[in-house]
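Here the structure comes first, spelled out in structure tokens, and everything after it is commentary.
The values are calculated or read from the model by the stated rules, or taken from the named source; none is laboratory data. Keep in mind the model is a prediction, meaning the values are calculated, not measured. Don't worry about glycine lacking a Cβ; one is built from the backbone with ideal geometry, like all the others, and counts go over all protein chains shown.
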Amino acid sequence: MSSVETTRLAFGLVAAPDGAVVAAFDELAAWMRAHAAVDLERRTATTYQGLAASVRDGSSDVAWLPPVAYAWLAEAVTPIGSVVRAGRTSYSAALVVRRDDERIASLADLKGTRAGWVDPWSAAGYVVPRIELARAGVDPTSAFVSETFHGTHRDALLALARGDCDVAGTYARSPEGDEATTEGGWSGIEELDARVLAVFGSIPTDVIAVRRNLAPASYERFVEALRQVAADATARALLHAVFGGDELHEGLEPGHDALRRAFERATANGLFD
């Protein structure tokens, strides 16, 4: 690749600065630099709003966008592909409680409880549960005595395990061809014995996108680099370690427009004030 000029791009993502995702990303960036002449500069954000803002202001050229961040940015970005996890290009939201908490048997029992959420722009960890609670007749703006944000699905669920909240929002998935929910954000958290209170909707998966005004040559080079990653077993393993997905489907999966409209309506109705 020595005869090919290296394309340098800033890549935005939400991740803890010293976490496993960052370490895997740096390995993936090193592979792309060596094999695909693409040099990715990591730009980590602590919130989904911060990530979206970095794309808006041009400090991130490419970004790993959760669905609500993509909905907010849709007119300002060009999607490259969607993250596929366990053969699925969609997932669900779930409300979970501790298994031994007998006070909460239905959504109606959430009145007067403490909610633990992920991020104000987390589809499964906040946005979709609030929309669906309102549809079910539970006003999320008044039902809870307290609401806290914990930054990640794992941290929200650990807060539930500690007793810092009574219910937590997170993601849920079912294997391809099986409609039963068998795993979610709570899976593998030994500290938490969780019970699923409710599962909501079909949420489109995360999107890898570039800012709309990125030079076409840089866009094409990055897309080709992703194709090279998909064709290499070592690089594919790094892709999984970063994005938690098995592959990347080029193009945009269905459902994003519907989520954006629901988010806009709910915002107009004051669900996120």
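Looking at 63, 71, which is the one that is more than 25 Å from residue 19 (Cβ to Cβ), in contact (Cβ under 8 Å) with a residue 40 or more places away in the chain and of a type in the set (A, V, I, L, M)?
That would be 71, the only listed residue that is more than 25 Å from residue 19 (Cβ to Cβ), in contact (Cβ under 8 Å) with a residue 40 or more places away in the chain and of a type in the set (A, V, I, L, M).
Each row is one residue, and each column tells you yes or no for (1) surrounded by fewer than 22 Cβ atoms within 10 Å (Cβ to Cβ); (2) modelled with pLDDT of 95 or more; (3) under 19 Å from residue 222 (Cα atoms).
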site	(1), (2), (3)
43	yes, yes, yes
55	no, yes, yes
90	yes, no, no
97	no, yes, no
111	yes, yes, no
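Against the definition (surrounded by fewer than 15 Cβ atoms within 10 Å (Cβ to Cβ), in contact with a strand residue (DSSP E or B) (Cβ under 8 Å, 6 or more places away or on another chain) and under 30 Å from residue 103 (Cβ atoms)), how does residue 183 come out, yes or no?
yes
Over 22 Å from the mean Cα position of the chain (by Cα), closer than 30 Å to residue 35 by Cα, surrounded by 14 or more Cβ atoms within 10 Å (Cβ to Cβ) and among the aliphatic types (A, V, I, L, M), is that true of residue 225?
yes
Scanning the stretch 14-41 for residues that are in contact with a Leu (Cβ under 7 Å, 6 or more places away or on another chain) and among the aliphatic types (A, V, I, L, M), which turns out surrounded by the most Cβ atoms within 10 Å (Cβ to Cβ)?
Per the stated criteria, the residue is 38.
Take residue 212 and tell me if it is of a type in the set (Lys, Arg) and in contact (Cβ under 8 Å) with a residue 60 or more places away in the chain.
yes
Filter the stretch 229-268 down to the residues that are hydrophobic (A, V, I, L, M, F, W, C), without any contact (Cβ under 8 Å) to a residue 60 or more places away in the chain and part of a helix (DSSP H, G or I) and list them by number.
Of everything in the stretch 229-268, those that are hydrophobic (A, V, I, L, M, F, W, C), without any contact (Cβ under 8 Å) to a residue 60 or more places away in the chain and part of a helix (DSSP H, G or I) turn out to be 230, 233, 237, 258, 268.
Output the residue which, of all residues in the stretch 117-139 that are touching a Ser or Thr at 6+ places or on another chain (Cβ under 9 Å) and more than 15 Å from residue 149 (Cβ to Cβ), is surrounded by the most Cβ atoms within 10 Å (Cβ to Cβ).
Within the stretch 117-139, the match that is surrounded by the most Cβ atoms within 10 Å (Cβ to Cβ) is 128.
Checking residue 219 against (1) part of a loop (DSSP other than H, G, I, E, B); (2) modelled with pLDDT of 95 or more; (3) aromatic (Phe, Trp, Tyr), which single condition isn't satisfied?
Just one mismatch for residue 219, condition (1).
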